[in-house]
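Everything on this sheet refers to the single structure shown next.
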Amino acid sequence: MKIAIASGKGGTGKTTLATNLASYLAQEHQVVLADLDVEEPNSGLFINGKLVLHENKDKMIPEWERKNCTLCGLCNQVCNFHAIIKLGEQIMVFPQLCHSCYACSELCPQNVLPMIPQKMGELKHFQTSNFNFVESRLDIGQEQAVPLIAQTLDYLKNNFSEETIFLLDSPPGTSCPVIEVTKNADFVILITEPTPFGFHDLILAVETMQELNRDFAVVINRHGIGNSEVLDYCEHNGIDVLAKLPNDRRIATLYSRGELVYKKVPEFASELKKIADYVLDLLQEDK
Amino acid sequence: MKEIVIISGKGGTGKTSITAAFAMLGGTSIVVADCDVDAADMHLLLKPDWAFSEDFYSGVIAVIDQEKCIRCGNCQSICRFNAIPKINDEYVVNELNCEGCGYCARICPADAIEMVEQNVGKFYISNTKAENKLVHARLKSGADNSGKLVAKVKKEAKLIAEKEQKEYIVVDGSPGIGCPVVSSLSGADYVVLVTEPSVSGLHDLKRVYQLVNKFGISAGCIINKADINQNVTDQIMKFLSDNDIDHLGNLPYDEDFTKAMTEGKTIVETQESHLKNLITEMWNKIKEINK
């Protein structure tokens, strides 16, 4: 079962929840934590594990072979992303803009645009004492997170059984990278904070989940700051609030050092247990 | 006219709260652009009047005319995005998966596929309570093309700044290092990196700085919540001096930011807060550097 941990606004506690929940659930269950925030993956900073696999991830890009090219310009015409351009006697490829659709390559009458792999990022698989951790990171300068996320999800599918609890640490926002993660999830936990920014971005995230037809629930982080808008909204719209993680400077300090919180802050642990119990109930229903 | 872009790598470091404070301090001398288009929050503090709005179209997706379709399945076999499943004997487009490449439309023997332009959001030009203009946008839930909407917001902000002879464009960027960030960095004169002293904050700062460096833009840094972890703050300070990044100042961990936000105010509008003085000093430094 795949559970995505997402949020509209950044910095609301996705990684804190994902890492603590993974460690907590792994005490009795088979868990894989995957950091799919490939632009800025952070979960690994909180996890000590043994590296079991490290591989480059590629995307396919056309490469121009000048020799038999007639400079017909069809490649330039068919590319909707301006990723291949005919400039005088040259065909120029802009790998960052390429979506790997293969149109230019396969429609080229001279077959002079073979698709070749180009590195876009790296995947690492770690084993901790009781769970597996997979993270991918996008190379600096690569603009598209989606292909790397998709390949990482494939890796999860091919390497673990379906009974595993997959926790997917998502990127922030509501655009394509988040969609790529959440559209593949069985359930989404939206974590937010009870502030006007948190509230505003939660509504966007809720709308996105509704659009995708995903089941979801909310966790409130830093409960105690701000106001009651988030709680009122959830109550009014019949959205489950699974837990209220306390606003506590001790938590911020533990996080800043890269330490798990639940082992040291009992008020956090008791709320985390509520989320874990909910996830286990979902798992039961699923069976 | 100088374009100053505020980014953070990691989300939730206080980027928007600080940018909104700069927007108040800059007043009539600036134009503000909210380029965090998929979680745009600046309007919650600057109280814009939404004076002008326009739909934003970008990108296309495939639409199959079932009347014309001869069920040959060529479209499905060439699609690299699994966007054309066969449901009840009909080939249909999964809009979420369609990348808009147009390959299917091009090879369809029955000419049954049309690429249709997508309305992906709205963009706005508003007057704010800071007596300046805010260019902002809202991406539709789940929409693609945030990078292009960012480019549009920046372009409009620039036109206004040029026409009204403003000194600065202050741009609030998005988290991460991907296409919206790349789009907000293009054409920038100076980058302000807002970070926090956590292992994640430092990690993300280093990554986003590599990107800034690729663009060859000079940068300054604000360490927010600096007293949360002195050890990491020291590491950040060292990183800044090793890389010739201006240190614009530190802010303490202070819930006054949240209190002000809850009242719909920027921190510089609150009564005699020491934060107000610290942020004013930072803004003055940025102006001094970008004279």
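Read-outs: derived from the displayed coordinates by stated rules, not from any lab. No experiment lies behind these values; they were computed from the predicted model shown. Using ideal geometry, Cβ is built from the backbone for each residue, glycine included, and neighbour counts are taken over all protein chains shown.
Which of A:46, A:94, A:160 comes first, and how do the rest follow, when ranked by fewest Cβ neighbours within 10 Å?
Working: A:46 25, A:94 13, A:160 17.
Ascending number of Cβ neighbours within 10 Å: A:94, A:160, A:46.
Inside 10 Å of the C-beta atoms of B:252-259, what's the mean count of C-beta atoms belonging to other chains?
3
Can you compute 3J(HN,Hα) from phi for each residue in segment B:23-30, using the Karplus curve 6.51 cos²θ - 1.76 cosθ + 1.60 with θ = phi - 60°, rounded to whole Hz and x for Gly and Pro?
Here the 3J(HN,Hα) series is 4, 5, 5, x, x, 6, 7, 10 Hz.
Which ³J(HN,Hα) values, rounded to whole Hz and listed in residue order, are derived for segment B:115-126 from phi using the Karplus coefficients 6.51, -1.76 and 1.60 in 6.51 cos²θ - 1.76 cosθ + 1.60 with θ = phi - 60°, glycine and proline given as x?
8, 10, 5, 9, 7, 9, x, 10, 10, 10, 10, 10
Report, by chain and number, residues whose modeled amide H sits under 5 Å from the one on residue A:121, excluding near sequence neighbours (fewer than 5 apart, same chain).
Under 5 Å from the amide H of residue A:121 lie the amide H atoms of A:57, A:139, each far enough along the sequence or on another chain.
Which value, in debye to the nearest 20, describes the size of the charge dipole of the protein assembly as shown about its Cα centre when Lys and Arg Cβ atoms bear +1, Asp and Glu Cβ atoms bear -1, and nothing else is charged?
1140 debye
Using alpha carbons only, how many degrees (0 to 90, rounded to 10) separate the axis of helix A:146-159 from the longest principal axis of chain A?
For A:146-159 against chain A, the angle is about 70 degrees.
Could you please tell me the mean projected area of the C-alpha convex hull for chain A, averaged over all directions and given in square nanometres to one decimal? Walk me through the numbers before you get to the answer.
Working: hull surface 68.0 nm².
Orientation-averaged projected area of the Cα hull: 17.0 nm².
Divide, for the protein assembly as shown, the radius of gyration over alpha carbons by 2.2 N^0.38 Å, where N is the residue count.
Normalised by 2.2 N^0.38 Å, the Cα Rg of the protein assembly as shown equals 0.97.
To one decimal place, what orientation-averaged projected area in nm² is obtained for the convex hull of the Cα set of chain B?
17.7 nm²
Check chain A for me: any Cys whose beta-carbon has no other cysteine beta-carbon within less than 4.7 Å?
Taking the Cβ cut-off of 4.7 Å, the unpaired cysteines of chain A are A:69, A:72, A:79, A:98, A:108, A:176, A:234.
Quick one: net charge of residue A:66's neighbours, Cβ under 14 Å, K/R +1, D/E -1?
Computed value for this residue: -1.
Calculate one ³J(HN,Hα) per residue across segment A:236-253 by plugging θ = phi - 60° into the Karplus curve 6.51 cos²θ - 1.76 cosθ + 1.60, and present them in order as whole Hz with x for glycine and proline.
So the Karplus estimates, Gly and Pro as x, are 4, 9, x, 9, 5, 9, 6, 6, 10, 6, x, 7, 8, 4, 4, 5, 4, 5 Hz.
Given axes a ≥ b ≥ c from the Cα gyration tensor, I'd like to know whether segment A:1-54 is rounded (a/c under 1.5), prolate (a/b larger than b/c) or oblate.
oblate
Please report how far the C-alpha centroid of segment B:1-74 lies from that of segment A:212-287, rounded to the nearest whole angstrom.
Rounded to whole Å, the Cα centres lie 29 Å apart.
Please report the net charge: other residues with Cβ closer than 10 Å to the Cβ of residue B:15, K and R +1, D and E -1.
In short, -2.
Within segment A:1-45, name every residue whose backbone N is under 13 Å away from a label modeled 7 Å from Cα of residue A:215 along the Cβ vector.
What the label zone holds, given the 13 Å backbone N cut-off, is A:1-4.
Got a sec? How would B:103, A:102 order by Cβ neighbour count within 10 Å, fewest to most?
Working: B:103 25, A:102 17.
With the sparsest Cβ surroundings first, the list reads A:102, B:103.
Assuming 0.36 nm per residue, please report the length gained on full extension of the stretch residue B:96 to residue B:110 beyond their Cα-Cα distance.
Between residue B:96 and residue B:110, full extension yields an extra 2.6 nm.
Counting other beta carbons within 10 Å of each residue's own, what order do A:139, B:144, A:281 fall into, fewest first?
Details: A:139 16, B:144 23, A:281 10.
Neighbour counts put them in this order, fewest first: A:281, A:139, B:144.
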